[in-house]
Structures are given as structure tokens and as C-alpha cells.
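Step one of this worksheet: look at the structure below.
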Amino acid sequence: MRVIEAGEIPAGVDLADFKRSVHIAAEDLDDDGALQLALQSAEAVVATATGRPLAPRAVEFVVVRGAWRRWWFPVLPVQELLALAVDDGAGGWIDQPLDGAWVQQAHDEPQLVLGASWAGHGVPGELLRVQARVGGADNSVVNRSRQAIFLLAKEWFEAGISIEGEEAPRLSFGVRLLMKQARYQRPCEVA
């Protein structure tokens, strides 16, 4: 998965909420730059580990074509299908219409379905480029994801910069458990 969002991706969690939710020394509460960096990094880690980005973003997947008609996205939710293209064999892409292709079960087990009428079936090429808008608050796991982000950002902020020779801090049990509970795992890749 590659993020192709043209603009800046908004944060899925707010710095003010983070400050209210964790106990940090009073002298560190004014270090917004370091706190924001820890928060952004933690959000990226949690989004990757769970497959559930909190903020929507445009992304791109490259999938090997075959006889399949259904491909499961490795993240959820999928807000919309943006574009499809087939490789031209020379490093380029041939854009394909979206007619005859759709996303099914976008908030549960999102699948790209290529119906019989999809024009791309007749185009030769080994790869399919799928562009979609994914992510966004999923009410069933948003609180666990936010808590994991806050705990991880706090741990990283308090650990500071690692001094050479010291072991890098590991994810705490609570962070790992929260991410595991919120993790999306697609049931299969293609059908």
C-alpha cells in the first residue's frame, strides 16, 4: 500500500485530547512540537499494525491479476474506489473505467469486485493498480485505537531520544493488546 494523498492527511487524534488523556510532567506540556511528533508517529504505527487508519487518505495497491473476480483490501474501511489501471508491460499504466467494478462490504471485509461487464477484463497485463480512499473513524474500534496511540506516544515521549548502548523501548503490553483487539485481518486475498 502506498499513500498517494495530494494534501496533508489530517491527524486522527488531537493534541489537546492527548494532553488531557495522559499524565505528563507540567514542564513537558508546553513542548507541543515533540508531543505532536510522538503522536503522529504513534498514529502511523497503530494504523499500520491494525489496518485501520483513523483519518481518510487516498492510497494505491498493486495487485497481480489472475482469474479472480474478487480481491480483499488489506485495510478498512474503504470509503470509495478512485481509479483502476492495468499495466502496459512497459512500466506504464492503462486507465480503466470504473463501470462494472465496485467495493462490497466496505466497512466490514472490504472487497473489490470486478463484474463480468468490467472493460479491463479484455486488456492484457499482469498487474492491476487499485486506487481508493481508505480509513476513517470506525466506531467499533476508534476508542481502542485512540488509547493505543495515546499510550504509545506517551511512552515514546517519556523515553526521549535513545542513548547509544541502551535498548530501545518495546511496546508495552497494553499497547500491544489494544492494537491486537483492533486489528483487521482480511479473510483471504482473492476469490
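Structure values in brief
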item: Accessible area of the chain divided out per residue, in Å², using a probe of 1.4 angstrom; result: 55
item: Solvent-accessible area of residue 17 with every protein chain in place, 1.4 Å probe, in Å² to the nearest 10; result: 40
item: Square roots of five times the Cα gyration tensor eigenvalues for region 44-91, Å; result: 24, 13, 11
item: Accessible surface of the chain [probe 1.4 Å, protein heavy atoms]: carbon and sulfur percent; result: 51
item: Karplus-derived HN-Hα couplings along region 41-57 (A = 6.51, B = -1.76, C = 1.60, θ = phi - 60°), whole Hz, x at Gly and Pro; result: 5, 5, 5, 5, 5, 5, 4, 5, 5, 9, x, 9, x, 6, 9, x, 7
item: Relative contact order %, region 57-134, counting alpha carbon pairs below 8 Å whose residues are six or more apart; result: 49
item: Net charge of Cβ neighbours under 13 Å - reference residue 96; Lys, Arg +1; Asp, Glu -1; result: -2
item: Radius ratio Rg over Rh of region 57-134, counting only Cα atoms, Kirkwood formula for Rh; result: 0.94
item: Order by protection proxy (mean Cβ within 10 Å, highest first), peptides 121-130, 79-88, 1-10, 38-47; result: 38-47, 79-88, 121-130, 1-10
item: 3J(HN,Hα) from dihedral phi, region 61-76, Karplus parametrisation 6.51/-1.76/1.60, rounded to Hz, x for glycine, proline; result: 10, 10, 10, 6, 6, x, 7, 6, 10, 9, 10, 8, 5, x, 9, 8
item: Pairs of alpha carbons in the chain whose separation is greater than 30 Å (percent); result: 33
item: Farthest positive-ward along the chain dipole, Cα basis, beta-carbon charges - from 114, 63, 159; result: 114
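The values are calculated or read from the model by the stated rules, or taken from the named source; none is laboratory data. Predicted model only: the values in this text are computed from it and were never measured. Positions of Cβ are generated from backbone atoms using ideal geometry, with glycine treated the same way; all protein chains shown enter the neighbour counts. With ligands, DNA and RNA removed, areas are computed over all heavy atoms of the protein, side chains included. Shrake-Rupley method; radii C 1.70, N 1.55, O 1.52, S 1.80 Å.
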